[in-house]
1. So TYR506 ticks every box in (1) outside any loop (DSSP other than H, G, I, E, B); (2) crowded, with 22+ Cβ neighbours inside 10 Å but one. Which box is left unticked?
2. In region 300-341, how many residues are farther than 23 Å from SER270 by Cβ and of a type in the set (Asp, Glu)?
3. Given the conditions (1) closer than 20 Å to ARG542 by Cα; (2) outside any loop (DSSP other than H, G, I, E, B), and given that PHE63 satisfies all but one, which numbered condition is not satisfied?
4. Being more than 24 Å from the chain's Cα centre (by Cα), buried (at least 16 other Cβ atoms within 10 Å of the Cβ) and either at pLDDT 95 or above or of a type outside the set (Val, Ile, Thr) (or both) is the filter here, so list the residues in region 330-349 that pass it.
5. Any chance you could count how many residues in region 379-406 are under 30 Å from ARG183 (Cα atoms) and crowded, with 24+ Cβ neighbours inside 10 Å?
6. Filter region 426-457 for residues that are of a type in the set (Ser, Thr, Tyr) and either touching a Gly at 6+ places or on another chain (Cβ under 9 Å) or crowded, with 18+ Cβ neighbours inside 10 Å (or both) and give the result.
7. Quick check on LEU21: is it at pLDDT 85 or above and either under 24 Å from ASN268 (Cα atoms) or open to solvent by less than 50 Å² (accessible area, probe 1.4 Å) (or both)?
8. Scanning for something open to solvent by 30 Å² or more (accessible area, probe 1.4 Å), touching a residue at least 24 places away in the same chain (Cβ under 8 Å), within 25 Å of ILE179 (Cβ to Cβ) and touching a strand residue (DSSP E or B) at 6+ places or on another chain (Cβ under 6 Å), does region 306-329 turn up at least one residue?
Amino acid sequence: MEEHLLNEFEEFGVTPSKKVLEKCIELLKKYDITPDTLVNHWIGYTATKLNDEAPSLENMILFEKDLSKELSAKTKVKSEPLSESPIIHNITTINQITEDDELLVGYGTPVRKSSVGAKRTSGLEGTPQNKRLAGLGQTYSVHTPSAFSPSTPGTSSKFSSRNNAGEIVVKYPADDAAINWARSNETWEPDIQLHGTAETKLTTKYNYMFSRLRDKFEVLEEQINDLGDLMKRKLGIDDFEPNRVLKSETFHTIGRICCDATSGSRLNTSSLLLEGPRNTSSGQSVPLDVSQLREFSFFPGQVIAVEGSNPTGKKMVVTSITTPPINRVFKTDVSIEGSGSLNIMVACGPFTLPDDLEFAPLVEFIQQVNALLPHLVIIMGPFVDVKNKKVECGDLDYTYQEQFDIVMRELQSKITNSVQVCIIPSWRDVHYRAVYPTPPFPQENKSPNFNFFSDPCVLNVNGVFIALTSTDILFHLSKEEIAVTPHGSDRLGRLVSHLFSQQSFYPLNPPSEEMSIDLEQAEDHCKLSFTPHLLFVPSDLRHFIKNVSGCVVVNMERAVKGFCGGTYSRLQITGESSSVQIKAEIVRL
């Protein structure tokens with residue numbers, strides 16, 4: 001139990017002391033919960049109330065009170081019957097409550113806590129409120145600490161007083177010698193091309209999130225059929241059978257994993273459903289009994305083939321699971337000039353501390369770029385983060401767009417012209433479209449060495465294919481996945497392999513509550529139909545560099561972690577013909 005608990009903490013980059021572990025084990029036994037439940041509660045508690053402090057005996061005592069209250073509240077909700085006459089609000093009553101509360105506030109009268117209007121977050125005057133952004137708490141913009149937002153002092157002193165800047169936390173290959181980051185071919189510039197569907201549809205105006213239910217269904221249906229064809233060839237069968245057929249013998253069927261809401265709001269072994277395609281199972285769902293499987297890994301939206309029997313016609317007893325095959329790494333001609341190397345630096349926002357807009361971490365990253373002069377720098381958003389406390393409360397000296405423009409001007413004026421820069425947006429950029437896939441930023445008045453691409457995207461850099469997304473799909477998957485695996489298995493590697501197997505940058509469906517996915521656009525711009533040489537998936541999960549199915553996968557985390565400096569990655573790529581060699585490091589900012 002102690003080792004399991006320690007592994008769960010390490011997923012979030014936390015290494016608790018032995019006394020803290022003993023206290024945690026005591027809480028597990030006392031409240032009869034699993035290690036992952038305890039750690040998830042702790043991560044949420046420390047992020048909202050302790051500013052991401054490390055666990056100690058003192059704050060574990062406070063945490064226990066919060067944990068006890070939350071668990072008892074959930075038990076109470078489950079045990080208490082619904083009121084016979086619930087209060088039902090419509091748009092008229094909600095508006096009336098809101099107006100009443102605003103009137104009370106005007107007279108200095110405290111607003112009732114149960115008010116619907118009290119849940120709204122404040123914003124800039126004239127800025128429409130977005131319910132989806134409620135509760136988010138952190139921002140980012142760009143400047144020198146005095147130039148970006150001169151009248152918004154924050155906690156940049158904590159960042160400037162850090163003592164671990166420049167520390168290498170991960171190296172790939174692990175036992176490799178020190179890497180010489182000097183730019184060998186100074187005059188050579190890499191050729192950067194977007195691979196796949198052109199971004200024309202994303203950049204033109206369209207009403208995103210206005211898809212008809214029928215169109216969404218067709219997109220999901222096509223995903224099942226496309227991956228089903230791959231699995232039929234993998235299994236050596238001609239076709240799949242309906243999932244509801246009454247049959248004692250084993251047979252193969254296909255579908256998408258769903259959650260039976262009547263058995264709980266989260267996916268578990270009791271709520272597993274397989275939703276079949278229209279052409280095979282008429283769109284019907286069947287419960288899955290996975291008690292005979294020794295190991296498995298499921299998440300909502302996953303397309304799989306199932307072998308088993310259905311003796312009652314109502315529930316399928318599963319004997320084996322087949323996932324779509326992972327394609328090999330894309331073969332191409334690599335053309336890096338001479339015998340030199342392609343040097344890359346990659347960082348992901350936010351780039352300022354959670355309670356200021358001084359952008360000290362961004363300034364530090366720019367200095368590192370100008371010191372090493374890599375051939376290519378990839379900078380992923382958010383830049384003006386919707387989760388920043390000052391953005392949340394509207395405490396800005398500029399509009400959202402003006403703050404972002406300041407950041408872009410600072411980047412373009414301070415980064416040396418010999419360095420090629422790729423800018424990737426994020427749905428968390430408060431000034432931009434809160435939709436996934438996210439269109440590239442407008443390119444007016446950009447410097448010649450700056451390139452703007454969408455999130456996600458695949459870049460072809462002189463024959464080296466680089467896939468990247470600023471969206472934290474690994475964290476979203478980790479919250480929804482259920483798995484039974486051998487002890488000591490690589491959980492992070494397994495989460496990455498889901499992207500390759502499902503051939504998608506975001507295979508989770510329904511998506512995380514904070515995400516707005518336009519399925520029609522995702523069909524063209526979120527596919528990962530081949531395995532690239534490099535994949536960047538920045539996440540709040542612990543940083544890593546792994547080789548997964550021949551692809552070097554990098555999670556460099558973010559440029560800011562809590563109130564401290566985060567991490568970024570730097571890579572050195574060499575190769576010729578179709579051979580690619582990659583060396584990489586993750587470094588503290």
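1. The failed condition is (1).
2. 2
3. Evaluating PHE63 over (1) closer than 20 Å to ARG542 by Cα; (2) outside any loop (DSSP other than H, G, I, E, B) leaves (1) as the failure.
4. Narrowing region 330-349 to residues more than 24 Å from the chain's Cα centre (by Cα): 330-343.
Narrowing the set further to residues that are buried (at least 16 other Cβ atoms within 10 Å of the Cβ) leaves 330, 332, 334, 336, 341-343.
PHE330, SER341, LEU342, ASN343 - these are the residues of region 330-349 that are more than 24 Å from the chain's Cα centre (by Cα), buried (at least 16 other Cβ atoms within 10 Å of the Cβ) and either at pLDDT 95 or above or of a type outside the set (Val, Ile, Thr) (or both).
5. Count: 5.
6. Initially, region 426-457 is screened for residues of a type in the set (Ser, Thr, Tyr), giving 426, 432, 436, 438, 447, 454.
Across region 426-457, the qualifying residues are SER426, TYR432, TYR436, THR438, SER454.
7. Details: at pLDDT 85 or above: yes; either under 24 Å from ASN268 (Cα atoms) or open to solvent by less than 50 Å² (accessible area, probe 1.4 Å) (or both): yes.
Against the criterion (at pLDDT 85 or above and either under 24 Å from ASN268 (Cα atoms) or open to solvent by less than 50 Å² (accessible area, probe 1.4 Å) (or both)), LEU21 qualifies.
8. For region 306-329, residues open to solvent by 30 Å² or more (accessible area, probe 1.4 Å), touching a residue at least 24 places away in the same chain (Cβ under 8 Å), within 25 Å of ILE179 (Cβ to Cβ) and touching a strand residue (DSSP E or B) at 6+ places or on another chain (Cβ under 6 Å): present.
The values are calculated or read from the model by the stated rules, or taken from the named source; none is laboratory data. If you're wondering where the values come from, they're calculated on a predicted model, not measured in any experiment. All Cβ positions, even for glycine, are placed from backbone atoms using ideal geometry, and neighbour counts span all protein chains on display. Just so you know, the surface numbers come from the protein's heavy atoms only, side chains and all, with ligands and any DNA or RNA stripped out. Shrake-Rupley method; radii C 1.70, N 1.55, O 1.52, S 1.80 Å.
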